[in-house]
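Chemist: The structure that follows is given in the form of structure tokens.
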Amino acid sequence: MRRPVTALLALLLVLGLLGAAPAVDEAMREGDAAWTAGDLASALVSWSHALERAREAEDDDAIVEASLRLAAAHRELGRVRTAVTALDAAEASAADNPAAAARLLTARGQLALASGEPRRAERLLLQAFEAQRELQDPVGAANAAVDLGLARLALGHHEDARKAFTGAATLFELSGDRDGRADALTNLGVTDLRDGRLRAAQEHLEAALALYRATGNTAGEADATANLARVLQALGRDEAAFELYRSALATARARRDVPRQATLLLNLGTLAQRAGDIPGAEARYTAAEEAFVTAGRADEAVAVALNLASLRGDDPAAFARVLERAQEAGDRRVEAMASLDLAALLRTSDPKRARRYVGQASRIAEDLALSELRWRALYLSGRIALDKGDTRTGVGHLREAVEQLERTRRSLEEDAARGFVFGHQEVYEALIDALLAEGDSLGAFVYAERLQIAQLPDLPITEDAEELARYREMAAEESFVTDQLSAALVAHPDSEQAAALRERLAALRVAFATTVDELRAAHPDFDRLVRVDPEDLEAMQAGLEPGVVVLQPVLFEDRLVLLVFRHDRVVARTVDVRGEEVSGTISRLARSLRARLTTRPAWTLEVCEQLGAWLIDPIATDLEGAEILVVSASGPFRQLPFSLLRHDGAWLVEMLPVVGITHVGSLAGRSTLEGRFQVDGPGLLLIGNPDGTLPGAEEEVRAIARRFPGATVLLAEAGSPDAMREAAASKRVIHLATHGRIDPDRPDRSHLVLAGSEETGRLGYREIPGLAPYLGDCRLVVLSACESGLPVEAREEAAEGEVIVSINGLSAQFRRAGVETLVASLWQVDDASTRTLMVHFYERLGQGQDVAHALQDAQLELIRTEEWSHPWYWGAFVVMGDWR
């Protein structure tokens, strides 16, 4: 958030008005009062009058201060060139005044940010900061640092932004400026919230709130309170968030701040809706709408009206009224949204009107560069065409919708991209459904794969840090400029600012496309990681061995589709079962296994029989002659070890080994691997019981080491992260017998426990890919650790609303570090049975078996042991990646 303009004006008044003539002083104060009251026209008149008087008096300081005010006002009105002219005119007056020159630099940086040029803004604001620091003006430097942080946020440089805000907070504290420090802490809190650092956000915002209360800054207090409520809401503390929103609302009412009242009522309505209190939500949305009307913000009022229409049900007349109001208010974004809502409601009953509304929304989405509406318009167009029986047109529109979704995802900042497609998978599903109806199994397989790839977190586009940073920076900048342009086109569609932003966005898209092309040329995996085309699958299919069967299950609302991929065919098998029944059954089984419910073997057997009936029985003929089953799983299937499914009265693992892959594209290029996988002592690194709490893990490592003379063994305190890195060089196999810690609230904070303190003895989820320089020769990593392969999702609050943070599991991060094959667990495991399984597994590897068959044989050993025959003991471990 930006520092309030009123605070900036107060600062300018203190810094510059002391030397102005009384007439200038009076005109300035009149302009300030008008600005505070929201009367921009009167403020411009008064400040223009002050500028004329200052020129007559040849008062350079007053000329600079009046020019800065005029530039700020023109910037708010979208008159970028006029604002620049105002600053240019003040340059001569600031020539001999370094302090005034530094403030002009800050203003130019703010203008660059408003014009969608965050790189230029960053450069100017950094110069302003250095100038203020040389002048030993901590307040001026702190203000420049806050704006510098905002520019860096726009570029996606969150850590650099955080440093700028932290520096500003320190400078404000040294200057005794408690309001300034509170502003900087508020910006820090908002940044933490965007990054999902909820505890840090809470700490910063609580500190800011205390400072605002101490200084009596009710406006700042209301801001900090509202943002703190968002944090608590994201932490699941809705009741506490509700009380904070109410407190902020009371403050806003006391200050007669109607716009803030409207925003807070909207927040309260959203909370009520989340809690299922529909009457409460409706009452607050209605009050918010009225408050926005009173505040003269018709565009925001009509946006709330759209929420109300959605809340009240599927009434086309209500959406039509919102559409009419949006047109009257000139809010083209809401006009497009209401048009699409109407089209969705009328799709089957009045397709002709629905097509007209979609066309109307499409034109607006194109004009305003609203990619999130463009894909929805394409999706509805496709559905309308399919309803009419025009399959060719329908499939074409749905393909375009998927392309638009994927372009949008790639242009988002990393945090916003997390889980982006989870909320839009109905587009993929509609296309897959249409392709299956046409009998195009290969096409359906392609888009099932693309859906799966789109759901993967943290796409490893390139391992080159500089290239990846450049890609993400350009994506963040394009996203920022797009948002700025959308806002400008709503507020001031014909302004200089809107024109400048259009030009900037066009240039950015050209540059972004060039960057993508360069990445594509430098990294052959780029396209396969962001999309899959039919020719890709055909090439992979030709390279599959005859005994390999690839299975991809796809859940629809009313059925399950099993896509089977072999070297000579692609087929689709449809199962008549509701998607929620399948996902619910998987979830119950997974929960029971994670909870170690081994006392109900009959129930476990029954559930595995049922899952086998859905997932294996329908493809039994397709498995004839199979030597291995490769499962490309997404969604709920990622928490299910297919080896424990039942078929013909036996566990699937008793028939053939099972391997998991993230997507079919990961099979490409495996033929370049030389020779069959081999394990020997010198190429084996064993790490066990690094924190001293797992004596069974230490015994496991010693037992394996006895079978592989020459293996490197790190036990107890010897197994630190640094020791692991040093020992990993030249090792083909790394075995880690330790704790796996999964954080269900912040999955990306999950970690493996190694030797050392709580800070130094963790191998964190985000750190694992950084092991790549040490794992150049490593072919296999075995994580004999609890839940090391468990995928986890959690919902978090971000700047654009709730997002899903997802990880494929700790083991998957080793794939990003270049390791081809992983063995990991999906739930907490038993020490004794795991030790036995791992010893058998390594014995089979030492005899020359591939990883999949070695694990299969080890699991069969446990199944034949009565005390460990329950799948909780043997079914947790899975092979992922290249099994050969």
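Chemist: Going by what's in this entry, would VAL358 be described as open to solvent by less than 10 Å² (accessible area, probe 1.4 Å), at pLDDT below 90 and of a type in the set (A, V, I, L, M)? Spell out the reasoning first.
Modeler: Details: open to solvent by less than 10 Å² (accessible area, probe 1.4 Å): yes; at pLDDT below 90: no; of a type in the set (A, V, I, L, M): yes.
Considered against the rule, which asks whether it is open to solvent by less than 10 Å² (accessible area, probe 1.4 Å), at pLDDT below 90 and of a type in the set (A, V, I, L, M), VAL358 comes out as no.
Chemist: Here are ALA207, ALA201: which of them is part of a helix (DSSP H, G or I), modelled with pLDDT under 90, in contact with a helix residue (DSSP H, G or I) (Cβ under 6 Å, 6 or more places away or on another chain) and under 29 Å from ARG237 (Cα atoms)?
Modeler: On the way: ALA207 fails: modelled with pLDDT under 90.
Step by step, each of ALA207, ALA201 is checked, and only ALA201 is part of a helix (DSSP H, G or I), modelled with pLDDT under 90, in contact with a helix residue (DSSP H, G or I) (Cβ under 6 Å, 6 or more places away or on another chain) and under 29 Å from ARG237 (Cα atoms).
Chemist: Could you tell me whether PRO641 is crowded, with 23+ Cβ neighbours inside 10 Å and either touching a helix residue (DSSP H, G or I) at 6+ places or on another chain (Cβ under 7 Å) or in contact (Cβ under 8 Å) with a residue 40 or more places away in the chain (or both)? So that I can check it myself, show each step before the final result.
Modeler: Details: crowded, with 23+ Cβ neighbours inside 10 Å: yes; either touching a helix residue (DSSP H, G or I) at 6+ places or on another chain (Cβ under 7 Å) or in contact (Cβ under 8 Å) with a residue 40 or more places away in the chain (or both): yes.
So PRO641 passes the test.
Chemist: Restricting the search to region 180-196, which residues are of a type in the set (D, E, K, R) and either surrounded by 22 or more Cβ atoms within 10 Å (Cβ to Cβ) or not in a helix (DSSP H, G or I) (or both)?
Modeler: Pass one, region 180-196, residues of a type in the set (D, E, K, R): 181, 183, 192, 194-195.
Matches in region 180-196: ARG181, ASP183, ASP192, ASP195.
Chemist: May I pose another question? So which residues in region 743-770 are over 22 Å from LEU780 (Cα atoms) and open to solvent by 10 Å² or more (accessible area, probe 1.4 Å)?
Modeler: ASP743, PRO744, ASP745, ARG746, ASP748, ARG749, GLY756, SER757, GLU758, GLU759, THR760
Chemist: Given the structure, is LEU605 touching a residue at least 60 places away in the same chain (Cβ under 8 Å), more than 18 Å from LEU826 (Cα to Cα) and surrounded by fewer than 20 Cβ atoms within 10 Å (Cβ to Cβ)?
Modeler: Values: touching a residue at least 60 places away in the same chain (Cβ under 8 Å): no; more than 18 Å from LEU826 (Cα to Cα): yes; surrounded by fewer than 20 Cβ atoms within 10 Å (Cβ to Cβ): yes.
Answer is no for this residue.
Chemist: Please enumerate the residues belonging to region 316-345 that are in contact (Cβ under 8 Å) with a residue 12 or more places away in the chain and not aliphatic (A, V, I, L, M).
Modeler: First pass over region 316-345, keeping only residues in contact (Cβ under 8 Å) with a residue 12 or more places away in the chain: 316, 319-323, 325-326, 328-345.
Hits for region 316-345 are PRO316, PHE319, ARG321, ARG325, GLU328, GLY330, ASP331, ARG332, ARG333, GLU335, SER339, ASP341.
Chemist: Now for a separate question. Please verify whether region 782-792 includes one or more residues that are closer than 21 Å to LEU198 by Cα, among the aliphatic types (A, V, I, L, M) and at pLDDT below 80. Let's see the steps before the verdict.
Modeler: Residues of region 782-792 closer than 21 Å to LEU198 by Cα: 792.
Okay, now just the ones that are also among the aliphatic types (A, V, I, L, M), so 792.
If we keep only those that are at pLDDT below 80 as well, we get 792.
Yes.
Chemist: Could you pull out the residue among ALA287, ALA336 that is modelled with pLDDT of 90 or more, of a type outside the set (D, E, K, R), closer than 21 Å to GLN261 by Cα and open to solvent by less than 40 Å² (accessible area, probe 1.4 Å)? Spell out how you get there, then give the answer.
Modeler: Numbers: ALA336 fails: closer than 21 Å to GLN261 by Cα.
The match here is ALA287.
Chemist: Of everything in region 749-763, what is free of Cβ contacts under 8 Å to residues at least 60 places away in the same chain and either within 23 Å of the chain's Cα centre (by Cα) or in a strand (DSSP E or B) (or both)? Give them in sequence order.
Modeler: ARG749, HIS751, LEU752, ARG762, LEU763
Chemist: Output the qualifying pairs, or none if there are none: Cβ atoms under 9 angstrom, residues six or more apart or on different chains, first residue in region 275-297 and more than 24 Å from GLU328 (Cα to Cα), second residue buried (at least 18 other Cβ atoms within 10 Å of the Cβ) and among the aromatic types (Phe, Trp, Tyr).
Modeler: Every condition considered, the pairs that remain are ALA275/PHE242.
Chemist: Applying the selection to region 260-283, what residues are under 17 Å from THR294 (Cα atoms) and open to solvent by 40 Å² or more (accessible area, probe 1.4 Å)? So that I can check it myself, show each step before the final result.
Modeler: Just the residues of region 260-283 that are under 17 Å from THR294 (Cα atoms), to begin with: 260-266, 283.
Across region 260-283, the qualifying residues are ARG260, THR263, LEU266, ALA283.
Chemist: Quick one: what pairs do we get from region 573-596, first residue touching a residue at least 24 places away in the same chain (Cβ under 8 Å), second among the β-branched types (Val, Ile, Thr) and assigned to a helix (DSSP H, G or I), C-beta under 6 Å, 6+ apart or different chains?
Modeler: ARG573/ILE619; LEU589/VAL607
Chemist: Specify which of the listed residues (LEU714, LEU684) is without any contact (Cβ under 8 Å) to a residue 60 or more places away in the chain and touching a Lys or Arg at 6+ places or on another chain (Cβ under 9 Å). Don't jump to the end; show me each part of the working.
Modeler: Details: LEU714 fails: touching a Lys or Arg at 6+ places or on another chain (Cβ under 9 Å).
None of the others qualify; the one that does is LEU684.
Chemist: Kindly evaluate GLU58 against the criterion of being of a type in the set (Asp, Glu) and surrounded by fewer than 24 Cβ atoms within 10 Å (Cβ to Cβ).
Modeler: Numbers: of a type in the set (Asp, Glu): yes; surrounded by fewer than 24 Cβ atoms within 10 Å (Cβ to Cβ): yes.
In short, yes.
Chemist: Next question. For GLN678, all conditions in the list (1) open to solvent by 40 Å² or more (accessible area, probe 1.4 Å); (2) farther than 17 Å from CYS778 by Cβ hold save one; what is the number of the exception?
Modeler: Checking GLN678 against (1) open to solvent by 40 Å² or more (accessible area, probe 1.4 Å); (2) farther than 17 Å from CYS778 by Cβ, the one that fails is (2).
Chemist: Restrict the check to region 729-737 and report whether at least one residue is in contact with an Asp or Glu (Cβ under 8 Å, 6 or more places away or on another chain) and open to solvent by less than 10 Å² (accessible area, probe 1.4 Å).
Modeler: In the first step, residues of region 729-737 are kept if they are in contact with an Asp or Glu (Cβ under 8 Å, 6 or more places away or on another chain); the result is 729-732, 737.
From what is left, the residues that are open to solvent by less than 10 Å² (accessible area, probe 1.4 Å) are 737.
Yes, that holds for at least one residue.
Chemist: Here's something else I'd like to know. Of the conditions (1) open to solvent by 70 Å² or more (accessible area, probe 1.4 Å); (2) touching a helix residue (DSSP H, G or I) at 6+ places or on another chain (Cβ under 9 Å); (3) more than 19 Å from GLU30 (Cα to Cα), GLU52 fails just one. Which one is it?
Modeler: All conditions pass for GLU52, except number (3).
Chemist: May I pose another question? Any residue in region 165-173 that is surrounded by fewer than 18 Cβ atoms within 10 Å (Cβ to Cβ) and either in a loop (DSSP other than H, G, I, E, B) or charged (D, E, K, R) (or both)?
Modeler: Yes; the residues of region 165-173 include at least one that is surrounded by fewer than 18 Cβ atoms within 10 Å (Cβ to Cβ) and either in a loop (DSSP other than H, G, I, E, B) or charged (D, E, K, R) (or both).
Chemist: Considering every residue within region 717-727, establish whether at least one is touching a Lys or Arg at 6+ places or on another chain (Cβ under 9 Å), among the aliphatic types (A, V, I, L, M) and open to solvent by 10 Å² or more (accessible area, probe 1.4 Å).
Modeler: no
Chemist: If you scan region 723-744, which residues turn out to be more than 30 Å from LEU198 (Cα to Cα) and among the charged types (D, E, K, R)?
Modeler: First, pick out the residues of region 723-744 that are more than 30 Å from LEU198 (Cα to Cα): 723-737.
Result: ARG725, GLU726, LYS731, ARG732.
Chemist: Of the residues GLU861, GLU866, GLU843, which single one is surrounded by fewer than 23 Cβ atoms within 10 Å (Cβ to Cβ) and either touching a Phe, Trp or Tyr at 6+ places or on another chain (Cβ under 9 Å) or at positive phi (or both)? First the steps, then the outcome.
Modeler: Values: GLU866 fails: either touching a Phe, Trp or Tyr at 6+ places or on another chain (Cβ under 9 Å) or at positive phi (or both); GLU843 fails: either touching a Phe, Trp or Tyr at 6+ places or on another chain (Cβ under 9 Å) or at positive phi (or both).
Step by step, each of GLU861, GLU866, GLU843 is checked, and only GLU861 is surrounded by fewer than 23 Cβ atoms within 10 Å (Cβ to Cβ) and either touching a Phe, Trp or Tyr at 6+ places or on another chain (Cβ under 9 Å) or at positive phi (or both).
Chemist: Do any helices (runs of 4 or more DSSP H) entirely within region 231-341 hold 2 or more residues that are touching a Ser or Thr at 6+ places or on another chain (Cβ under 7 Å), and if so, which? So that I can check it myself, show each step before the final result.
Modeler: Values: elements: 238-254, 258-274, 278-294, 298-312, 316-329.
Correct list: 238-254.
Results for (1) part of a loop (DSSP other than H, G, I, E, B); (2) of a type in the set (A, V, I, L, M); (3) surrounded by 19 or more Cβ atoms within 10 Å (Cβ to Cβ), shown as yes or no for each residue.
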site: VAL570; (1), (2), (3): no, yes, yes
site: SER592; (1), (2), (3): no, no, no
site: LEU629; (1), (2), (3): no, yes, yes
site: PHE637; (1), (2), (3): no, no, yes
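Chemist: On to the next question. Please count how many residues of region 345-354 are part of a helix (DSSP H, G or I) and either modelled with pLDDT under 90 or out of contact with any helix residue (DSSP H, G or I) (no Cβ under 6 Å at 6 or more places or on another chain) (or both). If you could, list the steps in order and put the result at the bottom.
Modeler: Residues of region 345-354 part of a helix (DSSP H, G or I): 345-346, 351-354.
Then keep just the ones that are either modelled with pLDDT under 90 or out of contact with any helix residue (DSSP H, G or I) (no Cβ under 6 Å at 6 or more places or on another chain) (or both); that gives 352.
Result for region 345-354: 1.
Chemist: Here's a follow-up. In region 210-229, which residues are in a helix (DSSP H, G or I) and surrounded by fewer than 19 Cβ atoms within 10 Å (Cβ to Cβ)?
Modeler: To start, the set of residues in region 210-229 that are in a helix (DSSP H, G or I) comprises 210-215, 218-229.
If the condition is that a residue be in a helix (DSSP H, G or I) and surrounded by fewer than 19 Cβ atoms within 10 Å (Cβ to Cβ), then ALA210, ARG213, ALA214, THR215, THR218, ALA219 are the ones that fit.
Chemist: A further question on this structure: Condition first: in a helix (DSSP H, G or I), without any contact (Cβ under 8 Å) to a residue 40 or more places away in the chain and under 16 Å from ILE628 (Cβ atoms). Now tell me which residues in region 834-868 satisfy that.
Modeler: ARG844, ALA854, ASP857, ALA858
The values are calculated or read from the model by the stated rules, or taken from the named source; none is laboratory data. For clarity, every value in this text was computed on a predicted model and none was experimentally measured. Note that we place each Cβ from the backbone using ideal geometry, even for glycine, and neighbour counts take in every protein chain shown. Heavy atoms of the whole protein, side chains included, go into the accessibility calculation; ligands, DNA and RNA do not. Shrake-Rupley method; radii C 1.70, N 1.55, O 1.52, S 1.80 Å.
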